[in-house]
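Q: One structure follows; several queries about it will come next.
The values are calculated or read from the model by the stated rules, or taken from the named source; none is laboratory data. The structure displayed is predicted, hence computed values, not measured ones. Because the Cβ atoms are built from the backbone with ideal geometry, glycine has one as well, and the counts that use them run over all protein chains shown. Calculation scope for accessible area: heavy atoms of the full protein, side chains included, ligands and nucleic acids excluded. Shrake-Rupley method; radii C 1.70, N 1.55, O 1.52, S 1.80 Å.
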Amino acid sequence: MLGALNDAALVLMTSLGHRTGLFDTMARLPATTSNEIAEAAGLQERYVREWLGAMVVSRVVEYDPEAATYSLPAEHAVALTRAAGPDNFGAVAAYVPVLARVEDEVAECFRTGGGVPYSSYPRFQEVMAEDSATMVDAALIDTTLPLVPGLVDRLREGIDVADVGCGSGHALNVMAKEFPRSRFVGYDLSEEGLARAGREAEDLGLGNVSFVVRDLAALDEPGAYDLITAFDVVHDQAKPAEVLQAIARALAPEGTFLMVDFAASSALEENVDHPLGPTLYMFSVLHCMTVSLAQDGAGLGTVWGEQKAVEMLGEAGLGEIRVERVEGDPFSNYYIATR
């Protein structure tokens with residue numbers, strides 16, 4: 001438990017290093033003093049020096065006591081800087097302080113029931129958008145979409161696509177830019193996220209994508225879409241069964257539903273050795289389950305698992321369900337289903 005306490009402290013300090021740009025700054029510098037690091041990062045030296053102390057005793061940053069200089073080894077920078085893309089642990093660490101903000105509210109829910117609403121997570125959309133964007137940029141076009149045979153060719157020819165729970169819309173904007181003949185629409189309840197999505201689309205000059213505030217369970221567009229995507233969103237819906245049924249109805253004949261969600265088992269005992277087991281259950285208690293319960297929802301949770309996901313996809317009327325994995329993303333399942 002002492003080790004767990006120190007690890008928790010390191011995660012918080014890692015989040016700070018990511019948020020303030022200190023890792024990115026140090027990756028560009030030789031061994032240098034805390035004053036020079038602070039100046040290069042545009043930060044206050046006293047805070048930087050204390051943060052460096054945490055990094056040194058955690059053996060993330062190297063320290064030369066004679067010269068009083070600090071350095072970030074290259075082999076550490078590849079896992080802690082924005083240049084690392086989806087391998088940047090700093091972006092993932094940023095979830096922890098965001099989720100910790102709601103501890104008081106969640107503790108009260110333990111006593112009284114109910115849940116914590118999305119409005120209690122002011123930075124969650126921002127953190128999630130940055131984290132997911134790196135994986136989208138690295139893998140969506142060249143790795144994820146080709147999991148569906150013939151899909152890339154169809155997108156190039158022009159089809160109708162919806163992304164449900166699109167958040168800040170980056171995945172949809174990436175697809176809209178890559179496939180200008182296809183038509184894209186993103187649905188989400190977050191006006192903040194959709195505003196960010198719209199700004200990005202405008203900056204990219206995209207005319208084939210739009211974003212709509214919509215309760216996914218109330219989606220009523222029979223046979224409208226050749227492809228529907230859902231990236232890590234179904235498990236925290238208030239009414240996940242109804243959402244999946246609405247998706248099934250919205251698919252055109254022979255349409256495809258591509259759902260990405262956390263790779264885990266529906267059986268607790270099979271998650272004991274999961275490399276992210278504690279983290280997934282933390283996400284569930286402090287976000288995914290509780291935001292669903294706040295809407296009087298099912299509270300499915302982050303760790304609904306592969307077995308439950310396949311079962312619910314089938315019950316929604318989706319068939320030919322395949323579960324795939326993508327190299328470089330060992331923590332996600334890619335569910336491919338047809339109407």
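Q: Assuming Ala8 fulfils every condition listed in (1) surrounded by fewer than 16 Cβ atoms within 10 Å (Cβ to Cβ); (2) under 23 Å from Asp131 (Cα atoms); (3) touching an Asp or Glu at 6+ places or on another chain (Cβ under 9 Å) apart from one, which condition is it?
A: Only one criterion in (1) surrounded by fewer than 16 Cβ atoms within 10 Å (Cβ to Cβ); (2) under 23 Å from Asp131 (Cα atoms); (3) touching an Asp or Glu at 6+ places or on another chain (Cβ under 9 Å) is unmet by Ala8, namely (3).
Q: Let me ask something additional. Restricting to the range 212-226, name every residue that is open to solvent by 30 Å² or more (accessible area, probe 1.4 Å) and touching a residue at least 60 places away in the same chain (Cβ under 8 Å).
A: Answer for the range 212-226, where residues must be open to solvent by 30 Å² or more (accessible area, probe 1.4 Å) and touching a residue at least 60 places away in the same chain (Cβ under 8 Å): Ala224, Asp226.
Q: Are any residues in the range 99-108 open to solvent by 20 Å² or more (accessible area, probe 1.4 Å) and in a loop (DSSP other than H, G, I, E, B), and if so, which ones?
A: Arg101
Q: Restricting to the range 78-94, name every residue that is open to solvent by less than 30 Å² (accessible area, probe 1.4 Å) and in contact with a Phe, Trp or Tyr (Cβ under 7 Å, 6 or more places away or on another chain).
A: The initial filter retains those residues of the range 78-94 that are open to solvent by less than 30 Å² (accessible area, probe 1.4 Å), namely 80-81, 84-85, 88, 90-91, 93-94.
If the condition is that a residue be open to solvent by less than 30 Å² (accessible area, probe 1.4 Å) and in contact with a Phe, Trp or Tyr (Cβ under 7 Å, 6 or more places away or on another chain), then Leu80, Thr81, Gly90 are the ones that fit.
Q: Quick one: would you say Glu320 is over 28 Å from Arg156 (Cβ atoms), free of Cβ contacts under 8 Å to residues at least 60 places away in the same chain, not in a loop (DSSP other than H, G, I, E, B) and not hydrophobic (A, V, I, L, M, F, W, C)?
A: no
Q: Let me ask something else. Name, by its number, the condition in (1) under 23 Å from Gly328 (Cα atoms); (2) open to solvent by less than 60 Å² (accessible area, probe 1.4 Å); (3) hydroxyl-bearing (Ser, Thr, Tyr) that does not hold for Tyr281.
A: So the condition that Tyr281 fails would be (2).
Q: If you take the residues of the range 187-211 that are within 15 Å of Lys177 (Cβ to Cβ) and acidic (Asp, Glu), which of them is surrounded by the most Cβ atoms within 10 Å (Cβ to Cβ)?
A: Glu200
Q: Looking at the structure I just gave you, is Gly114 farther than 25 Å from Gly165 by Cα, at pLDDT 95 or above and not aromatic (Phe, Trp, Tyr)?
A: For Gly114, the condition - farther than 25 Å from Gly165 by Cα, at pLDDT 95 or above and not aromatic (Phe, Trp, Tyr) - is not met.
Q: Considering each of Ala54, Ala41 in turn, give the residue that is more than 23 Å from Gly3 (Cα to Cα), surrounded by 17 or more Cβ atoms within 10 Å (Cβ to Cβ) and in contact with a Leu (Cβ under 9 Å, 6 or more places away or on another chain).
A: Within the list Ala54, Ala41, the selection yields Ala41.
Residue-by-condition table, conditions (1) more than 18 Å from Asp236 (Cα to Cα); (2) open to solvent by 40 Å² or more (accessible area, probe 1.4 Å); (3) without any contact (Cβ under 8 Å) to a residue 24 or more places away in the chain:
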position: Ser119; (1), (2), (3): no, yes, yes
position: Val148; (1), (2), (3): yes, no, no
position: Leu151; (1), (2), (3): yes, no, no
position: Arg156; (1), (2), (3): yes, yes, no
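Q: What pairs come out if I take residues in the range 16-27 that are among the small types (Gly, Ala, Ser) and pair them with residues that are modelled with pLDDT of 95 or more and in a helix (DSSP H, G or I) whose C-beta lies under 6 Å away, six or more apart or interchain?
A: Close Cβ pairs (under 6 Å, with a partner that is modelled with pLDDT of 95 or more and in a helix (DSSP H, G or I)) amount to Gly17/Phe23; Gly21/Ala41; Ala27/Ala77.
Q: Take the residues of the range 319-339 that are within 24 Å of Ala250 (Cα to Cα) and modelled with pLDDT under 95: which is surrounded by the fewest Cβ atoms within 10 Å (Cβ to Cβ)? Show your work before the answer.
A: Looking only at the range 319-339, we keep the residues that are within 24 Å of Ala250 (Cα to Cα), and these are 319-324, 333-339.
Restricting the remaining residues to those that are modelled with pLDDT under 95 gives 319-320, 338-339.
Working: Gly319: 11, Glu320: 9, Thr338: 16, Arg339: 20.
Here the answer is Glu320.
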